[in-house]
1. Residue by residue through B:200-206, how many Cβ atoms from other chains fall within 10 Å of the Cβ on average?
2. Where in the range B:71-96 does the amide nitrogen come within less than 18 Å of the point 7 Å from the Cα of A:N139, taken along Cα to Cβ?
3. Just to be sure I understand: with springs between alpha-carbon atoms less than 10 Å apart, which residue in A:H180, A:H89, A:H209 has the highest mean-square fluctuation in the Gaussian network model of chain A?
4. If you average the C-alpha positions of the range B:155-233 and of the range B:6-78 separately, how far apart do those two centres end up, in angstrom?
5. Select from the range B:132-232 those trypsin sites (Lys or Arg not before Pro) which occupy a DSSP coil region and have at most 16 other Cβ atoms within 10 Å, ordered by residue number.
6. May I ask which residue of B:A82, B:G171, A:Y47 lies farthest towards the positive end of the charge dipole of the protein assembly as shown, with charges of +1 (Lys, Arg) and -1 (Asp, Glu) on Cβ and the Cα centre as origin?
7. Quick check: convex hull of the Cα atoms in the protein assembly as shown, volume per residue, rounded to a whole Å³?
8. Restricting the count to DSSP beta bridges whose residues both fall in chain B, what percent are antiparallel, rounded to a multiple of 5?
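The values are calculated or read from the model by the stated rules, or taken from the named source; none is laboratory data. Keep in mind that what you see is a predicted model, and the values were worked out from it rather than measured. Cβ coordinates were reconstructed from backbone atoms using ideal geometry, including for glycine residues, and neighbour counts include every protein chain displayed. Side chains included, ligands, DNA and RNA excluded: accessible areas come from the protein's heavy atoms. Shrake-Rupley method; radii C 1.70, N 1.55, O 1.52, S 1.80 Å.
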Amino acid sequence: MAEEVKVFGRWTSPFCCRVEIALRLKGVPYEYIEEDLSNKSPLLLEYNPVHKKVPVLVHGGKPIAESLVVLEYIEETWRRNPILPEDPHRRAMARFWTKFIDEKCMPIMWKSLWSEGEMQLKLMEETKENLSILERELNSKKFFGGNSIGLVDIAASFLSCWTEVLQEVAGISLFGEAKHPILFKWANEFMSSDAVKVCLPPKDELLSHFRAMKEGMSATKAGQN
Amino acid sequence: MAGDQELKLLGSWASPFVIRARIALNLKGVGYEFLEEGLGTKSELLLKSNPVYKQIPVLIHNGKPICESMIIVQYIDEVWAAAGPSILPSDPYDRAIARFWAVYIDDKWFPLLWKIIIAKADDEETAEAAEQVIAGLQLLEEAFEKCSKGKDFFGGKSVGCIDIALGCYFGWVKAAEKMAGVKLLDKEKIPLLMGWAERFCSADAVKELMPEVDKLIEHGKMVRARLNAAATN
């Protein structure tokens with residue numbers, strides 16, 4: 001009998017979405033448990049005592065944390081529809097690009113959306129440059145993984161509905177058809193694929209969530225002045 | 001196979017990240033050409049091989065570059081799988097644990113150590129960073145107990161992924177202690193790790209690579225001075 005799989009996540013998190021996409025791609029059944037991050041469950045704290053964060057994958061009672069670590073575990077445990085190539089150099093390149101996404105693309109884009117003035121302009125420029133670098137890597141491929149979705153595509157899932165929503169909330173433009181046509185086309189292809197579309201949060205609810213977050217931040221700032 | 005191959009490593013004697021790649025190559029008994037990058041300079045080859053980050057280490061295997069130290073270590077483990085002991089465990093869950101701690105060490109623990117290394121004299125934040133470094137080491141002490149299962153290394157009988165990820169920083173931990181006048185390595189608090197560190201530093205694949213602490217201190221002071229000068233400009 002297959003051991004049960006659970007995912008502890010938060011519907012607003014692109015990191016949690018990565019894990020669900022990978023499981024769906026491989027046809028792995030799982031139970032999803034929504035966490036309230038302002039009131040973390042005892043189970044989450046037990047499964048991820050070091051970081052106390054989501055996502056956490058629990059397989060047969062054994063927990064794994066850190067989304068990219070979870071993705072590699074999923075790849076090694078369920079061999080159907082591989083998300084990493086066989087060739088060691090191509091695997092190293094896939095890992096390189098996922099690290100680039102996690103260490104540069106996402107954090108800088110996130111900061112650019114929530115900052116102001118000179119700092120925001122600087123971060124916006126850096127974000128656009130990072131997206132151009134990603135776009136050059138994608139080149140003429142359908143997906144970063146080639147003909148099918150791979151590790152890098154899954155890592156880049158924040159470029160789907162999150163980026164669209166966050167730009168709207170922040171009132172700035174970073175990523176669109178005009179500036180990054182190839183990457184934009186990829187995002188649409190990615191979002192409409194079967195395994196992905198069921199995992200993406202509803203756009204209008206995500207918009208409300210981040211609008212509320214922004215209002216909360218502005219209120220805090222106003223309160224501090 | 002591994003026979004007639006061109007293998008170069010771009011690096012620097014002081015970089016813990018470069019040491020990781022060298023340990024992995026030593027574990028597999030693989031020969032390579034080491035190209036030393038000077039402090040503050042970046043060669044044409046480096047800029048061409050790592051245009052995104054322009055950083056060492058870069059492994060160039062038959063003309064193809066591989067960047068980022070732990071990615072290089074995994075690459076070496078995969079390409080020369082049969083040539084030496086496995087660096088990553090064979091079981092997927094154990095591999096996930098190894099990767100988890102490697103990420104923790106680099107993303108959470110090392111930045112605190114780095115803060116101590118580049119801190120100006122009497123920086124208030126140094127004491128706090130030192131406490132956090134020690135707390136991190138205590139977490140790693142528990143991880144060592146679980147992963148080693150009574151054997152010499154995190155990887156068991158031989159040096160593995162977490163050993164490489166953490167051990168490469170050992171010289172810098174000692175340098176940070178002297179540079180900032182803080183005690184980070186306490187036998188009372190981390191007895192297992194202290195024993196492990198000694199075994200790690202004297203392992204065949206490692207012993208010739210660990211830099212002398214005094215040289216690291218000198219290097220650290222230069223890096224600190226350059227960073228502080230850049231910050232004021």
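1. Values: counts 0, 0, 0, 0, 0, 0, 0.
Average per residue, whole number: 0.
2. What the label zone holds, given the 18 Å backbone N cut-off, is no residue at all.
3. Greatest mean-square fluctuation among the candidates belongs to A:H89.
4. What the calculation gives is 19 Å, centre to centre.
5. On the way: sites: B:K146, B:K149, B:K151, B:K157, B:K174, B:K178, B:K183, B:K187, B:K189, B:R199, B:K207, B:K215, B:K221, B:R224, B:R226; in loops: B:K149, B:K151, B:K157, B:K183, B:K187, B:K189, B:K207.
Sites meeting the loop and neighbour criteria: B:K149, B:K151, B:K157, B:K183, B:K187, B:K189, B:K207.
6. Looking along the dipole axis, the top candidate is B:A82.
7. Working: hull volume 80.1 nm³, N = 458.
Expressed per residue, the convex hull around the Cα atoms of the protein assembly as shown is 175 Å³.
8. Numbers: 9 of 13 bridges.
Once the DSSP bridges in chain B are tallied, antiparallel ones form about 70 percent.
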